[in-house]
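The values are calculated or read from the model by the stated rules, or taken from the named source; none is laboratory data. Because the structure is predicted, anything quoted here is derived from the model rather than measured. Cβ placement follows ideal geometry from the backbone for every residue including glycine, while neighbour counts extend to all protein chains displayed. All accessible areas refer to the heavy atoms of the entire protein, side chains included, with ligands and DNA or RNA removed. Shrake-Rupley method; radii C 1.70, N 1.55, O 1.52, S 1.80 Å.
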Amino acid sequence: MTQQQETGCVLRLFGAQSTAVGKTVENFPPQWRAAAQWKSRGAETLVALQAQSPSGLKKAAQALRQAFSADLYGAGETTLPAAVVEALERHDKLLICADAAAGALLEARLENLPGAEKVFDFGAVSYANPKTGPLIERRARLPKDCTDPLRQALARAQAARRVVGADLSAACAERESDCVLVLSCRKGCFLRTVPAGENPALWLLDIIRRTAANKPQAEGTGFLPARRAAKKGVLPSPQPKRHPLRRVCMTLLVLSLLAALAAVGAWKYTNGNFYALPEQLRALLTEHVPRPGATLV
């Protein structure tokens, strides 16, 4: 009897926590006879799967796909820029850049990919166009004394999307120690602050991929609804996550206050004798409930 040949594959994740990947692998059932090794480089994680049978490999890969459905962007030699082009093309989305900073992050990574020219304008009809570029600046309607790069990027991203008629518009606010990535869509703007030293281009590509495919964003990426983003006096910031127990705690607090008020009322009504409360309530109800044959006035 010959031994079954071992088989394997590589899955590519972006934005997933390495500890979460480890826990998922640890929960593989023994009967799958599957193992995995993973390595993170920045926000990107490569997971190498091995199993002693194709069925075990398929089950292990499916478990990772379900656990990291939003983070998984490809398998084998798939690159993140290629996954972005595929997501834009599949969902029929047009991507543009609102400024040169965002263009510098995206254009070099997308220019040699097949089909990229169908979903990305490379600045030709947006910020680099001699007519559209100045029109975007005018439509942004920023005060002349506005020097905040974040407000500028937010206003340009929204204006560019409307002027060109694109589905997605990217902008980048460069600051001394970090940069803020902005992606405008119909519902609002996604924002992420990337510290100096990290790779903002990869983060911007991942935000675009998730938005085009209508998938949840990675932890740490904020969202600004369209109405709030349109207010020029409001600086965008990632929306804080509400603690899941906050509503429960507020409900318990309200119920505690109501119980305390009821206790105080009962104390005054019985002159401090709680034992007399049932009898007094019974007498009160008997007094106000009409007897048979009585006429209500």
Charge dipole magnitude, Cβ of K and R +1, D and E -1 - the stretch 81-135, Cα centre, debye nearest 20: 80
- request: Could you tell me which of the pairs K144/K187; K23/K58; K93/K187; K59/K215; K187/K215 are separated by over 21 angstrom between their Cα atoms in the structure shown?
  value: K144/K187; K59/K215
- prompt: Averaged per residue, what accessible area in Å² does the stretch 1-91 show with a 1.4 Å probe, protein chains only?
  reply: 61
message: What distance in nm separates the two pseudo spin-label positions at E26 and R186, each 7 Å out from Cα along the beta-carbon direction?
response: 4.4
statement: Row for the stretch 130-189, column shape: gyration tensor on C-alpha, a ≥ b ≥ c, rounded if a/c < 1.5 i.e. under 1.5, prolate if a/b over b/c, else oblate; value oblate
field: Value in Å of the Kirkwood radius, where the stretch 31-81 supplies the Cα pairs that are averaged
entry: 11.8
task: With a 1.4 Å probe and every protein chain left in place, work out the accessible area per residue of the stretch 134-231 in Å², rounded to a whole number.
output: 48
field: Solvent-accessible area of K215 with every protein chain in place, 1.4 Å probe, in Å² to the nearest 10
entry: 80
- prompt: Residue by residue, what Karplus-based ³J(HN,Hα) values in Hz, rounded to whole numbers, does the stretch 40-49 have, using 6.51, -1.76 and 1.60 with θ = phi - 60° and x for Gly and Pro?
  reply: 9, 10, x, 8, 9, 10, 9, 10, 9, 9
- prompt: Which sequence of W32, W203 reflects their accessible areas, 1.4 Å probe, from the largest down?
  reply: W32, W203
- prompt: Quick one: if the Förster radius is 25 Å, what FRET efficiency do Q52 and A75 give, using the C-beta to C-beta distance and rounding to 0.05?
  reply: 0.80
task: Could you pull out every residue, at least 5 positions away or on a different chain, whose amide H is within less than 5 Å of the one on F223? Hs are placed 1.01 Å off N in the peptide plane, and Pro or chain starts have none.
output: L191, Q239
message: I need the phi-derived Karplus couplings for the stretch 215-221: 6.51 cos²θ - 1.76 cosθ + 1.60, θ = phi - 60°, integer Hz, Gly and Pro marked x.
response: 10, x, 7, 5, 4, x, 8
statement: For the stretch 1-136, the Cα-Cα pair-distance distribution in 5 Å bins from 0, as whole percents, is 2, 9, 16, 16, 14, 11, 10, 8, 6, 4, 2, 1, 1, 0, 0
